[in-house]
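The values are calculated or read from the model by the stated rules, or taken from the named source; none is laboratory data. Computed from a predicted model, the values in this text were never measured in an experiment. Positions of Cβ are backbone-derived with ideal geometry, glycine not excepted, and every protein chain shown enters the neighbour counts. Protein only, heavy atoms only, side chains kept; ligands, DNA and RNA dropped before computing areas. Shrake-Rupley method; radii C 1.70, N 1.55, O 1.52, S 1.80 Å.
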Amino acid sequence: MLILGIETSCDEASAAVVEDGVKIRSNIIYSQDEVHAKYGGVVPELASRKHIETIVPVVKEALEQAGITLKELDGIAVTAGPGLIGSLLVGLSLAKSLAYFQHIPYIGINHLEGHLTSIFLEEELSFPYIGMVVSGGHTNLYLVQGFGDYLLLGKTRDDAAGEAFDKVAKLLGLGYPGGVVIDRLAKDGDNQAFSFPRSMIKDESLDFSFSGIKTAVANFVKERGMEEVKKRLNDVAASFQQAVVEVLVSKAVRAARSRGVDKIVLSGGVASNSALRSLFKHSPEKENIKVYFPSPLLCTDNGAMIAGVGYRYLKEGKSSPLSLNARARWDLPTDPAE
Ligand code: KG4
Ligand code: ZN
């Protein structure tokens, strides 16, 4: 089965062709980073306008690279939420039109389910596992017992981990998106140079909180002055990053222990972070637990993960009606898309 996956939930326009749910024939990602960089964050109106310009060429390229035409598709999967409503509608409208004119089924997919199961595009894995989605919009911990069988164990009570990276980068004058820049600077820094809070690390619950660390960095900049901070940028970046990744590792491991599960699967943009990957690899805490990371291209927002989920629903004969609406908020687990 050849499925076209379309993703436009935020500031990446992506289209992919995936064969039988696991074989990536193409996965084209057009990032709008340049559009939003000067504003220090995603501007929703600009994001949807840019999607309108780019999504058709991106889909064409995905088909070309896969060596197929629209006629050969068996179905279309498209992100229907959660995300920016104007951005979502661009992808959703295109998916509906293509499905209608090609007389093929299409299905609206929850973006979080895409991240949570993106690992299957690269590895064969058995259930259960602890799935951690760490992105610009979410920091969620799930017990994954099968496809479609997700139990939410914990989530952030305020900012998402990626949001903390982006906001701290902005505070430090590093531009948008901040995660990659902080990751790079931190490589030459001392991660013990400064002490930033590890919020809720000892808390019994599996929830997170990342707004405190953002405030701590803001106060730090205020106290030391920007001149001083600029001189120690690598150390500040490394110390901030270390505080965030320690919390993420600690909570994921605790989730696995509490559920007697021996696998943790990371996903979402922050899962590309090199300190997070390295701490998971070397953490003494995680004895007997295997940790899986999709490659960076599958950690970020991409159409292949949406096609992967779509395949599993479409092959069971499930599909969405043309009346389906996009959803800015859409929890997982949840009711199926209406
Ligand atoms: O999954 P994603 O591409 O989009 C959302 O669904 O949000 O995640 C984007 C987030 C941004 O906050 C970005 O700064 C962060 O992931 N990110 C990183 C790294 N690469 C991307 N954060 C830390 N380290 C990285 N290497
Ligand atoms: Zn995402």
*Can you find even one residue in region 51-66 that is open to solvent by 20 Å² or more (accessible area, probe 1.4 Å), in contact (Cβ under 8 Å) with a residue 40 or more places away in the chain and under 20 Å from LEU121 (Cβ atoms)?*
yes
*Every residue from region 273-290 that is under 21 Å from GLN241 (Cβ atoms) and surrounded by fewer than 22 Cβ atoms within 10 Å (Cβ to Cβ)*: SER274, ALA275, ARG277, SER278, LEU279, LYS281, HIS282, SER283, PRO284, GLU285, LYS286
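Conditions tested, residue by residue: (1) surrounded by fewer than 20 Cβ atoms within 10 Å (Cβ to Cβ); (2) free of Cβ contacts under 8 Å to residues at least 60 places away in the same chain.
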residue: GLY175; (1), (2): yes, no
residue: ARG184; (1), (2): yes, yes
residue: GLY189; (1), (2): no, yes
residue: GLU204; (1), (2): yes, yes
residue: THR215; (1), (2): yes, yes
residue: MET226; (1), (2): yes, yes
residue: LYS231; (1), (2): yes, yes
residue: ASP235; (1), (2): yes, yes
residue: PHE240; (1), (2): no, no
*Which ones in region 3-24 are open to solvent by 10 Å² or more (accessible area, probe 1.4 Å) and either over 14 Å from the mean Cα position of the chain (by Cα) or farther than 17 Å from HIS138 by Cα (or both)?*
GLU19, ASP20, VAL22, LYS23, ILE24
*Would you call ILE76 more than 14 Å from ligand 1 (Cβ to nearest atom) and open to solvent by less than 10 Å² (accessible area, probe 1.4 Å)?*
yes
_Take VAL42 and tell me if it is hydrophobic (A, V, I, L, M, F, W, C), within 15 Å of GLY83 (Cβ to Cβ) and open to solvent by 20 Å² or more (accessible area, probe 1.4 Å)._
yes
_Residue among GLY114, GLY189, GLY173, GLY162 that is within 14 Å of ligand 2 (Cβ to nearest atom) and closer than 30 Å to ASN234 by Cα_ = GLY162
*If GLY260 passes every condition in (1) open to solvent by 20 Å² or more (accessible area, probe 1.4 Å); (2) in contact with a helix residue (DSSP H, G or I) (Cβ under 9 Å, 6 or more places away or on another chain); (3) without any contact (Cβ under 8 Å) to a residue 60 or more places away in the chain but one, which one does it miss?*
(2)
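Results for (1) within 15 Å of ASP331 (Cβ to Cβ); (2) open to solvent by less than 10 Å² (accessible area, probe 1.4 Å); (3) hydroxyl-bearing (Ser, Thr, Tyr), shown as yes or no for each residue.
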{"residue": "GLY86", "(1), (2), (3)": "no, no, no"}
{"residue": "PRO105", "(1), (2), (3)": "no, no, no"}
{"residue": "ILE109", "(1), (2), (3)": "yes, yes, no"}
{"residue": "GLU122", "(1), (2), (3)": "no, no, no"}
{"residue": "PHE165", "(1), (2), (3)": "no, yes, no"}
*asked:* So, in region 139-159, exactly how many residues are within 11 Å of LEU332 (Cβ to Cβ) and touching a strand residue (DSSP E or B) at 6+ places or on another chain (Cβ under 7 Å)?
replied: 7
_Complete set of residues in region 7-17 that are within 15 Å of ligand 1 (Cβ to nearest atom) and either in contact with a strand residue (DSSP E or B) (Cβ under 6 Å, 6 or more places away or on another chain) or part of a strand (DSSP E or B) (or both)_ = GLU7, SER9, GLU12, ALA13, SER14, ALA16
*Please find, among ARG198, ARG157, ARG184, ARG232, the residue that is within 18 Å of the chain's Cα centre (by Cα) and more than 16 Å from ligand 2 (Cβ to nearest atom).*
ARG157
